[in-house]
1. Based on what the data block shows, is A:D260 open to solvent by 10 Å² or more (accessible area, probe 1.4 Å) and within 14 Å of another protein chain (Cβ to nearest Cβ)?
2. What residue, among those in the range B:1-51 that are touching a strand residue (DSSP E or B) at 6+ places or on another chain (Cβ under 6 Å) and assigned to a helix (DSSP H, G or I), is farthest from the other protein chains (Cβ to nearest Cβ)?
3. So, in the range A:97-130, how many residues would count as being in a loop (DSSP other than H, G, I, E, B) and either surrounded by 20 or more Cβ atoms within 10 Å (Cβ to Cβ) or away from every other protein chain (no Cβ under 12 Å) (or both)?
4. Can you name the number of the only condition in (1) at pLDDT 95 or above; (2) over 27 Å from B:M114 (Cβ atoms); (3) open to solvent by less than 30 Å² (accessible area, probe 1.4 Å) that A:G36 fails?
5. Quick check, is B:A247 open to solvent by less than 10 Å² (accessible area, probe 1.4 Å) and not in a loop (DSSP other than H, G, I, E, B)?
6. When you scan the range A:132-140, do you find a residue that is under 30 Å from A:G228 (Cβ atoms) and under 18 Å from the mean Cα position of the chain (by Cα), even just one?
7. Tell me which strands (runs of 3 or more DSSP E) are completely within the range A:140-180 and hold 2 or more residues being within 11 Å of A:H86 (Cα to Cα), or say none if there are none.
Amino acid sequence: MEYNNPIRGENEGITLKVKFWGVRGSAPSATPETAGVGGNTSCVQLLTDQPYVLILDAGTGIRLLGNALVAACQHEDQELYLLLSHTHWDHIQGLPFFKPANSASNTLHVYGANKPQRTLEEVLRGQMDYAYFPVALDEMGAQFRFHPVAEETFVLPGGIEVTTRFFEHPGGVLGYRIAYQGKVVVYATDMEYTVANLDPRLVAFAQGADLLIFDAQYTHEELNFKTGWGHSTYLTAVHLAQAAGVKQLRLFSHDPDRTDTELETLERQAQQHFPATWLAREQQVIDLNLL
Amino acid sequence: MKVRFWGVRGSIPTPGHDSADVGGNTSCVQVLTGHAEPLILDAGTGIRLLGNALMADAAASQGLAGHVLLSHTHWDHIQGFPFFAPAFSPKNEFYVYGAGKAEERLEDVLKGQMNYQYFPVALDQMGANIHFVELQEETFTIFGDVEISTRAFHHPGGVYGFRIVHQGQILVYATDMEYTEQNLDPKLIEFARNADLLIYDAQYTPEELKVKTGWGHSTHTTAAYLAQQAGVKQLALYHHDPSHTDAQLYQMEAEAQAIFAASTLAVEGLTLDLDRP
């Protein structure tokens, strides 16, 4: 398994790499027709030379990331940082199956937005209510530290700078702009914009990013009857990438019914507008130094 | 009666090449009784694909009055319901059955899954007319000639098994329950007695069960032993562990067959005809 174990120092010399563990939106898609691009829901790992694990979202992909971390790690005391865009199922449903959270010597820092109705902690505990899951969050074992975030900039150990903004999605969603040693990745999924109504805040947020990971769940035809559902199209993604002058765009949050063949067609269409566009594919690693 | 497997996986869906043959969707079984209305056992992610298939048949997708029997409300048995397309049509009607509990109403548990923090659409906004039926250990009839009996078995938070009898054929659906060859509940043997098809929880190997005692699941060897004891015609090994690859599952199938010859893996997309075991 490559680049999974910051503690063993395997990541020396890395500035910033991104690994996709889950690229699907809404619901996991376990069919042969979607297995090439990948059927796990949202989870992205950021690899740096820092001695901790940094993760965006906890869809079903985080189960595989956790298995890889456990397999690679000879000793305990891992620090793990999990940044949640929001708490819809496809962004948290893997957490109960994330093995590093079962180790009492690990600390899991969870970042996300508190809501007026319920705190981030309450929402994540609710997922593991006894009616739904046999093990409570407190029984998992690891130390959980919840860090409510709003629109702000904070710095993780070692100087990884994280900036958050709220964007348009039912119930709200946080975008993350992560800067480290001059490299910038912007993670902006589960948000509804069109070419006609692109938010200048979003363009500014993505400005000059080395890598933009953006929601491209729907086709234009689908968006016609899924307006208000909180997702964008590849056309919005390429338009945003152009407007923000990013180096590379990855289309993310693929619809569960979209087959590999259909996705590859969308990828080619997107490349006609913004050549440095590819699908986010499960298990793929992107080195921001090579962009 | 026929059954079709739409989801055969336990705990969490497993997209990916190494489990794609057996299937990665969580629990969902369709029972075909000759009636146009669907009878569905559990609503794991497999029910999304079943729903898409029902919607693809335009004639069948409108004016449905379907029945969904939930063994229990752990995620892998309900997580597909918010993506079940026929439940979004106001012309359709669904009856959702599950255990009645002192602590909470079945309806509230299903609505809780679609709380605004977790899902953008509330259950009440789905569109179909959805009725909740809280079950005890009982026997009731649907479609006029399909008789369903329920019994509670051993699982954290409880689980119901379903025994479905139609025109003399017997289907027993018994998943998410922890028994071993040594502590097999006589009540379970009686419940599965003479079934034409027994669908049973075979999540773990005996080695895995040693470290997962109390997690609420059985092994493929217990499944085969139960099938023998209950004198069933055919056994389907069900609720596969997310860590088990296709190759491991075929190995477990062979081991079960050594104990009980008429054992088969529950495989996504497979239809079993109770007339022809």
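The values are calculated or read from the model by the stated rules, or taken from the named source; none is laboratory data. Quick caveat, the model's predicted, so the values are computed rather than measured. For neighbour counting, all protein chains shown are included, and Cβ atoms are generated from backbone atoms with ideal geometry for every residue, glycine included. Ligands, DNA and RNA are stripped out before the accessible areas are found, and what is left, the full protein with its side chains, is counted by its heavy atoms. Shrake-Rupley method; radii C 1.70, N 1.55, O 1.52, S 1.80 Å.
1. Values: open to solvent by 10 Å² or more (accessible area, probe 1.4 Å): yes; within 14 Å of another protein chain (Cβ to nearest Cβ): yes.
Against the criterion (open to solvent by 10 Å² or more (accessible area, probe 1.4 Å) and within 14 Å of another protein chain (Cβ to nearest Cβ)), A:D260 qualifies.
2. Here the residue is B:L50.
3. Here is the first cut: in the range A:97-130, the ones in a loop (DSSP other than H, G, I, E, B) are A:98, A:103-106, A:113-119, A:128-130.
Retained after the next criterion (residues that are either surrounded by 20 or more Cβ atoms within 10 Å (Cβ to Cβ) or away from every other protein chain (no Cβ under 12 Å) (or both)): A:98, A:103-106, A:113.
Number of matching residues: 6.
4. (3)
5. Working: open to solvent by less than 10 Å² (accessible area, probe 1.4 Å): no; not in a loop (DSSP other than H, G, I, E, B): yes.
So B:A247 does not fit the description; no.
6. Filtering the range A:132-140 for residues under 30 Å from A:G228 (Cβ atoms) gives A:132.
Okay, now just the ones that are also under 18 Å from the mean Cα position of the chain (by Cα), so none.
No, the range A:132-140 contains no residue that is under 30 Å from A:G228 (Cβ atoms) and under 18 Å from the mean Cα position of the chain (by Cα).
7. Values: elements: A:143-148, A:153-156, A:160-167, A:173-180.
Filter on the range A:140-180 gives A:160-167, A:173-180.
Every residue, every condition in (1) touching a helix residue (DSSP H, G or I) at 6+ places or on another chain (Cβ under 6 Å); (2) among the small types (G, A, S); (3) in contact (Cβ under 8 Å) with a residue 40 or more places away in the chain; (4) closer than 17 Å to B:F260 by Cβ, yes or no:
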| residue | (1), (2), (3), (4) |
| --- | --- |
| B:F162 | no, no, yes, no |
| B:H166 | no, no, yes, no |
| B:Q169 | no, no, yes, no |
| B:P186 | no, no, no, no |
| B:G214 | no, yes, yes, no |
| B:H217 | no, no, yes, no |
| B:Q229 | yes, no, yes, yes |
| B:K233 | no, no, yes, yes |
